[in-house]
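Read the structure below first, then the notes.
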Number of protein chains: 2
Amino acid sequence: MKVRRSDRLIDMTRYLLERPHTLIPLTFFSKRYESAKSSISEDLAIVRRTFAQRQTGILETVPGAAGGVRYIPIMGEDEAENFIAAMSKRLSETDRLLPGGYVYLSDLLGTPSVLRQIGRLIATQYREAHVDAVMTVATKGIPIAQSVSQYLNVPFVIVRRDSKITEGSTVSVNYVSGSSARIEKMELSKRSLPANSRVLIVDDFMKGGGTVNGMKALIDEFNAKMVGITVFAEGKFDGDRMVSEYTSLIRVDKVDTKANTLHATAGNFLDRNRQLLEVAGQ
Amino acid sequence: MKVRRSDRLIDMTRYLLERPHTLIPLTFFSKRYESAKSSISEDLAIVRRTFAQRQTGILETVPGAAGGVRYIPIMGEDEAENFIAAMSKRLSETDRLLPGGYVYLSDLLGTPSVLRQIGRLIATQYREAHVDAVMTVATKGIPIAQSVSQYLNVPFVIVRRDSKITEGSTVSVNYVSGSSARIEKMELSKRSLPANSRVLIVDDFMKGGGTVNGMKALIDEFNAKMVGITVFAEGKFDGDRMVSEYTSLIRVDKVDTKANTLHATAGNFLDRNRQLLEVAGQ
């Protein structure tokens, strides 16, 4: 049965949103809705226009016989600035400071709407980086990795600091924890990352960068390639960070352990990604 | 500027999909698109029809001054059966069996499309259960909890078996691990779960049910209420399970440790939820 344009637009929107970064041939929609390819092209032009106006995504057209359309989720500059400002405010709330200069984030990183925005924002930075897998370390980086993985539509892999018997053979590396200068060990299931994968590292919180550095070493062990590092928040760290190239959404810049307060502000994410965020406004 | 119907339908669909189980007043859309309430009502009727035909969601209308529309994600019976059959097949692949009768699931539980389907399916069972929070235990249950939490649009909380300094004060319970009959300890950050919360427990794999039982004890400690237990897969367990009321998507029913093979089939999820899944076909 031929499907009406209004019904097509609704179903098409849902279908595309659930499959980011996936090439969908026009013939697929043409068959699904029993409609001419020319009608489908017109539909997609409307979807493209609406996504662009609302700055929520780019609908790429790939021409030719093997072509189709691809939905690329993005966050526009205004929304990104508002989100980061809102998060900085939330992080600066009293009672978030934990012993050791850590920050309580479990409430934010367990809230679906926050995770959706973090995922869409980080995916905006790496939308042209051809990421094959998102990597994080258990446990608090997992929600961020999963959300970014949803928007880039690639798998995520979880590095562990404790051995579990339920993962099969693993590859492990030693790393120096930046905060405590202790030697630690982390490992990843052998079969979870194919060689030559392009890997994006994400984490919830970075201090000295030791954990991130460990993940870099692990990526080398798998003969894979790191394409970037992004953390939700970076903390204050006295001394040399082991990692120099990264982006952070938030920076915790003033910590007062006596008054039990901290102050959070925007990290370097916005400045580093102006161009990628501005595309949304075109 | 008044927005055309086609543009409204696309943006409305996206807006609703990103906010499941959330009441949105008609006046919100009316203002957003500078369109009459009667036009918005017609738009929503089209969205409702398309979601129902494709069995992907229910658009509930709440009448009255405080009313509006609410998008409830669901999975229809056919899609649920196909998904569970496909997962059973994947689990029965060779080389998934790990020492101790565990099953390698990290690839599936790190794949965005699989997690979306798990989340939407489990959310279908609990769509009328007024869940306030989804609970799981670190680390392998986290992706499932996060995905269900996205579709129910409620926070998720992560119980830990190891103490981390970065969570603040915790409440802990001892529990008996069903597999090893050892006494173990699990804990949850004190501020992560308000009293009287209605809590849904999810996990990746259940054998004896000891871990799930521990979470039940923890829910009691927080003066909260458990509303259900759903696991992705249940394994073979010789003896009495500590948990009797639960649903499982998959059941691992034949394990041959010599040949290193297992056989997986549908769990009790489909049979227990026929009615809730059939509503999708109405």
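The values are calculated or read from the model by the stated rules, or taken from the named source; none is laboratory data. Only a predicted model underlies this, so the values are computations on that prediction, with no experimental measurement involved. When we count neighbours, we look across all protein chains shown, and the Cβ atoms used for this are built from the backbone with ideal geometry, even at glycine. Please note that ligands, DNA and RNA were not included when accessible areas were found on the heavy atoms of the full protein model with its side chains. Shrake-Rupley method; radii C 1.70, N 1.55, O 1.52, S 1.80 Å.
How large is the charge dipole for chain B, taken about the Cα centre, if only the Cβ atoms of Lys, Arg (+1) and Asp, Glu (-1) carry charge, to the nearest 20 debye?
720
If you fit an axis through the alpha-carbon atoms of helix B:77-91 and take the longest principal axis of the Cα set of chain B, what angle between them do you get, 0 to 90°, nearest 10?
On a 0 to 90 degree scale, this one is about 30.
How large is the dipole of segment B:11-115 about the Cα centre if only Lys and Arg carry +1 and Asp and Glu carry -1, each at its Cβ, rounded to the nearest 20 debye?
With Lys and Arg at +1 and Asp and Glu at -1, about 360 debye.
With a 1.4 Å probe and every protein chain left in place, tell me how much accessible area A:Met242 has, in Å² to the nearest 10.
We get 70 Å² for A:Met242.
Report the normalised scattering of segment B:17-169 as log10 I(q)/I(0) at q = 0.08, 0.12 Å⁻¹, calculated by the Debye formula with identical scatterers on the alpha carbons.
The computed values of log10 I(q)/I(0) come out as -0.33, -0.67.
Can you bin segment A:177-282 into rounded, prolate or oblate? Criterion: square roots of the alpha carbon gyration tensor eigenvalues sorted a ≥ b ≥ c, rounded for a/c under 1.5, prolate for a/b above b/c, oblate for the rest.
Oblate.
Going through segment B:11-60, which GluC sites (Glu not before Pro) have at most 14 other Cβ atoms within 10 Å and a DSSP loop state?
Listed in order of number, the matching sites are B:Glu34.
Protein chains only, probe 1.4 Å: how do B:Lys236, B:Lys2 rank by accessible area, largest first?
Highest to lowest solvent-accessible surface, that is B:Lys2, B:Lys236.
If I take R0 = 45 Å and measure r between the Cβ atoms of A:Glu34 and B:Arg274 in this structure, what FRET efficiency does the formula 1/(1 + (r/R0)^6) give, to the nearest 0.05?
Result of the calculation: an efficiency of 0.90.
Which residue, A:Leu98, A:Ile142, B:Gly67, has the largest displacement toward the positive end of the dipole of the protein assembly as shown when charges sit on each Cβ (Lys, Arg +1; Asp, Glu -1)?
About the Cα centre, the residue reaching furthest to the positive side is B:Gly67.
At 7 Å along Cα-to-Cβ for each site, give me the label-to-label distance between B:Glu221 and A:Phe237 in nm.
With each label placed 7 Å out from Cα toward Cβ, I get 3.3 nm.
Cross-link candidates for B:Lys185: which lysines have Cα within less than 26 Å, leaving aside residues fewer than 8 places away along the same chain?
A:Lys140, A:Lys164, A:Lys185, B:Lys140, B:Lys164, B:Lys207, B:Lys216, B:Lys225, B:Lys236
How many nm is it between the label spots at A:Asn260 and B:Ala86, if each spot is 7 Å from the Cα in line with the beta carbon?
Simple spin-label model gives 5.0 nm for this pair.
As I understand it, the value is the acute angle between the Cα axis of helix A:210-221 and the longest principal axis of the Cα atoms of chain A; what does it come to in degrees, rounded to 10?
Taking Cα atoms only, the helix is inclined about 60 degrees.
For B:Glu42 and B:Asp253, what is the calculated FRET efficiency with R₀ set at 30 Å and r taken between the beta-carbons, to the nearest 0.05?
The formula returns an efficiency of 0.05 here.
Of all DSSP beta bridges located in chain A, what percent are antiparallel, nearest 5?
55
How would segment A:5-73 be classified by its alpha-carbon gyration tensor: rounded, prolate or oblate, with rounded meaning a/c under 1.5 and the a/b versus b/c comparison settling the rest?
In terms of gyration-tensor shape, oblate.
Would you kindly work out, in nm and rounded to one decimal, the distances from the label point of B:Ser30 to those of the same position in each other copy, ordered shortest first, with label points 7 Å along Cα-to-Cβ?
4.3
Over chain A, what relative contact order in percent results from Cα pairs under 8 Å that are six or more residues apart?
With pairs under 8 Å counted, the relative contact order is 18 percent.
Which residues does a label at B:Gln53 reach in segment A:33-50, if reach means a backbone N under 11 Å from a point 7 Å past the Cα toward the Cβ?
From segment A:33-50, the list is A:33-34.
Between A:Arg4 and B:Asn196, what FRET efficiency comes out of the Förster formula 1/(1 + (r/R0)^6) with R0 = 45 Å and r the beta carbon distance, rounded to 0.05?
Computed FRET efficiency for B:Asn196 and A:Arg4 comes out at 0.45.
Pull out the extension gain between B:Glu184 and B:His130, defined as 0.36 nm times the separation in residues minus the alpha carbon to alpha carbon distance; nm, one decimal.
Contour length minus Cα-Cα distance gives 16.3 nm.
Compute the angle between helix B:37-53 and the longest alpha-carbon principal axis of chain B, please, reported from 0 to 90 degrees and rounded to the nearest 10.
Rounded to the nearest ten degrees, it is 40.
Quick check on segment B:77-281: what does the Kirkwood estimate of hydrodynamic radius come out to from the alpha carbon pairs, in Å?
17.3
If the cut-off is a Cα-Cα distance under 28 Å, which lysines reach B:Lys2, setting aside same-chain residues fewer than 8 apart in sequence?
B:Lys31, B:Lys37
So what's the back-of-envelope 222 nm ellipticity for chain A, counting only DSSP H runs of four-plus at -39500 (n - 2.57) apiece and dividing by all residues, rounded to 500?
Mean residue ellipticity, 222 nm, calculated: -10500 deg cm²/dmol.
Students sometimes get this wrong: rank B:Thr257, B:Thr27, A:Thr111 by accessible area, probe 1.4 Å, all chains present, largest first.
B:Thr257, B:Thr27, A:Thr111
Would you compute the Debye intensity of segment A:173-228 from its alpha-carbon atoms alone, equal scatterers and no solvent, and pass along log10 I(q)/I(0) at q = 0.21, 0.31 Å⁻¹ to two decimals?
The computed values of log10 I(q)/I(0) come out as -0.79, -1.28.
Could I have the simple spin-label model distance between B:Thr94 and B:Ser113, label points 7 Å from Cα toward Cβ, reported in nm to one decimal?
Taking the two extended label points, one gets 2.5 nm.
Note down the relative contact order for segment A:5-73 as a percent, whole number, built from C-alpha pairs under 8 angstrom at least six residues apart.
Relative contact order here is 40 percent.
Over all directions, the average projected area of the alpha-carbon convex hull for the protein assembly as shown comes to how many nm²?
The number I arrive at for the protein assembly as shown is 26.8 nm².
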